[in-house]
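Derivation of every value follows stated rules applied to the coordinates shown; laboratory data play no part. This structure is a prediction, so every number in the text was calculated from the model and none was measured. Cβ sites come from the backbone with ideal geometry, for glycine too, and all protein chains shown count toward neighbours.
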Amino acid sequence: MSVLGIDQITYGTDDLALSRRFFQDWGLTLAHESADTLVFTCLNGCRVVVAAMDHPGLPPAIEPGPTLREVVWGVERAEDLARYADAIRHDPGFVDTEVDGARRIGCTDPNGLAVRLQVTRKRDIALQSAAMNTWSDKPRINQPSPVYERATPIEVGHVVFFAADVPACEAFYASRFGFVSSDRYPGRGAFMRCAPSGGHHDLFLLQLPSGKRGINHVAFTVRDIHEVFGGGLHFSRCGWETQLGPGRHPVSSAYFWYFKNPAGGLIEYYADEDQLTADWQPREFEPGPTVFAEWAVDGGLDGHTRRQKGVDAGGKFLTEKK
């Protein structure tokens, strides 16, 4: 029994129209729209809900302004859900309800965030991704790597929060839901994955000296490094502002590109993270710029650099001098 991953996230926003354009440009599908709620889906059925900040059904916010209000984690079977319900029944904010005809349980974590679980609604999908030719392994034969005009995210891969007490939150997710710690900034940060075998992290908790609580970023998984670049370039051409990227994380090995999100915090495209098993031993790191990013482009790429879409090159090479 283990949590499978993130099934749904819910934002509270003060500008639904702006959020509608933002998440559609990001590559999500608008599945439902009402006067105060937007529901988007990723390729595998993972959902992103954006609701007006005064929506009566939203859980309390852990910080002022637009932010993430709720994370719904998926489990495999109803029997798993029943076991987790027993584990959290006496925790603050315990709920056991029905949403869209299915059982959903939850509570409030030590950081004040609404945490929910349900039998997963995500589906398995088969996608073709780029194979990477290296000196020792060349699986891509007679086939060019793809060029993506934009990204179509597969799912919400992980969430990152500023927490007032990282050790308390880390202990909560380990004891209640069986999360496993992958790596740590001792006393100040914890990378956690849902199960012993899986991607480097599904949840990352950061503790600032100020004790601030809130969302840092939500990360969306894409197929490969080429989709990170293609998605980021398209998003830049749409006029959205880069916070940092593209770049590469040395801790998880993932390639990333972060943008500012009007619904709260930052948003990330990422690909090629480390895959871990129960044999992995958590490492400890001292926070610093080179630990966060081996390399990164500050301010991003403008989306038109070098490609110059719509420009007639007159049959000349880009490097050809006048």
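Helix 225-237 versus the longest principal axis of the chain: what angle, 0 to 90°, nearest 10, using Cα atoms? Taking Cα atoms only, the helix is inclined about 80 degrees.
Mean separation of Cα pairs under 8 Å and 6 or more residues apart, divided by the residue count, gives the chain a relative contact order of 17 percent. So how tilted is helix 16-26 from the main axis of the chain? Cα-based, degrees 0 to 90, rounded to 10. With rounding to tens, the tilt is 60 degrees. Computed about its Cα centre, the charge dipole of segment 218-276 is approximately 220 debye, with only Lys, Arg, Asp and Glu carrying charge at their Cβ.
Note down the Stokes-Einstein diffusion coefficient of segment 206-291 in µm²/s, whole number, using a Kirkwood radius over alpha carbon pairs, 20 °C, and 1.002 mPa s. Show your work: numbers first, answer last.
On the way: Rh = 14.5 Å.
Once the numbers are plugged in, D ends up at 148 µm²/s.
Evaluated with a Cβ-only charge set (Lys, Arg +1; Asp, Glu -1), segment 145-189 carries a dipole of roughly 80 debye about its Cα centre, given to the nearest 20. Comparing mean-square fluctuations of F292, F177, F259 from a GNM of the chain with C-alpha springs under 10 Å, the top value falls on F292.
Taking Cα centre as origin and charging only the Cβ of basic (Lys, Arg, +1) and acidic (Asp, Glu, -1) residues, the dipole magnitude of the chain rounds to 800 debye.
Give me the distance between the Cα centres of segment 19-56 and segment 238-253, rounded to whole Å. About 23 Å separates the Cα centre of segment 19-56 from the one of segment 238-253.
Could you give the Stokes-Einstein D for segment 1-77 in µm² per second, using the C-alpha Kirkwood radius, 37 °C, 0.692 mPa s?
252 µm²/s
Each Cα pair under 8 Å and six or more residues apart adds its sequence gap; the mean of these over the residue count of segment 1-135 is a relative contact order of 26 percent. Let me know the shape class of segment 162-236, please: from the alpha-carbon gyration tensor, a ≥ b ≥ c as square roots of the eigenvalues, rounded when a/c is under 1.5, otherwise prolate if a/b is greater than b/c, or oblate. Here segment 162-236 falls in the oblate category.
Among Q275, Q207, Q118, the largest mean-square fluctuation in a Gaussian network model of the chain (Cα springs under 10 Å) belongs to Q275. What is the helix-to-structure angle for 166-177, meaning the angle in degrees between its Cα long axis and the longest Cα principal axis of the chain, kept from 0 to 90 and rounded to the nearest 10? Roughly 70 degrees, rounded to the nearest 10.
Using a cutoff of 8 angstrom between alpha carbon atoms and counting only pairs six or more residues apart, the relative contact order for segment 166-222 works out to 26 percent. Could you identify which residue out of A151, A254, A263 has the top mean-square fluctuation in a GNM of the chain using Cα springs shorter than 10 Å? Taking springs between Cα atoms under 10 Å, the residue moving most is A254.
Taking the three principal axes of the alpha carbon atoms in the chain, the coordinate ranges are 73, 49, 41 Å, sorted in descending order. Separation of segment 260-303 from segment 142-191 is 9 Å, based on Cα centroids.
Answer rounded, prolate or oblate for segment 16-124, using the Cα gyration tensor with square roots of eigenvalues a ≥ b ≥ c: rounded when a/c is under 1.5, else prolate when a/b is larger than b/c, else oblate.
The shape class here is oblate.
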